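Below are the structure tokens for one structure; questions will follow.
No lab work stands behind these numbers, since they all come straight from the coordinates. Predicted model only: the values in this text are computed from it and were never measured. Positions of Cβ are generated from backbone atoms using ideal geometry, with glycine treated the same way; all protein chains shown enter the neighbour counts.
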Amino acid sequence: MAISAGGGGDTPMADINTTPLVDVMLVLLIIFLIAVPVAIQTIEKLEIPIMESVESKDKVENLTLTVSTTDASGLSAGEPGYAGAAREGECRVYFNNITPVTSEELYDQAFERLDAIVTRAGGPEAIMEDPDLIPQVHIRGDVNAPWRCVAGTIYNVQAAGYPTVGFISNPVDPNG
């Protein structure tokens, strides 16, 4: 306990009494030192169930787009001599990661695809009742693709009617 020695009777004492805090912490430390080994010894070998991953039959058909650019010499990915995307290059968008499309083709194909999904679901009212049926757009952008290419892609798919646009990233290996 803190004891004030001296005059100054009008001012309140400003020292913090830490004795109760230390008492509580020591009691908790002793409890945990006793309880943890007992809890560990009483748990028998834990068996985690192994479940097979099965793809859902009613999974929404999400649209995956890859955004890249031509290299400095104007070559696209897949062409011989392609040196990698360049920031000054021309935008390239690949529909479902395979088919290269222009801006107009991207809008048209995305609209037709979304329209087919909505029609198959029973119309706009039916698909709005179950938001899980609404497909999303996943964009994988090249690290060197300029923002103008990615923003143009987002604009086109949202204009086609897709309400949700997300990005796919490749995790970086911390070991090199």
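Taking H placed 1.01 Å from N in the peptide plane, check which residues at least 5 places from Gly161 or on another chain put their amide H under 5 Å from its amide H.
Sorted by chain and number, the residues that satisfy this come to none at all.
Under 5 Å between amide H atoms, partner at least 5 residues away or on a different chain: which partners does Gln136 have, H built in plane at 1.01 Å?
Asn62, Leu63
From largest to smallest, what semi-axes in whole angstrom does the stretch 77-176 give when each is the square root of 5 times an eigenvalue of its alpha carbon gyration tensor?
On the way: eigenvalues 176, 57, 26 Å².
Value: 30, 17, 11 Å, ordered largest first.
Right, another one. Given 0.36 nm per residue, what is the gain on full extension from Glu52 to Thr99 after removing their alpha carbon distance, in nm?
13.6 nm
How many nm separate the modelled label positions at Ile30 and Ala72, each set 7 Å beyond the Cα in the direction of the Cβ?
Spacing of the two 7 Å Cα→Cβ label points: 7.4 nm.
Sticking with this one: Multiply the residue separation of Ala116 and Asp130 by 0.36 nm, subtract the distance between their alpha-carbon atoms, and state the gained length in nm to one decimal.
My answer for the length gained is 3.4 nm.
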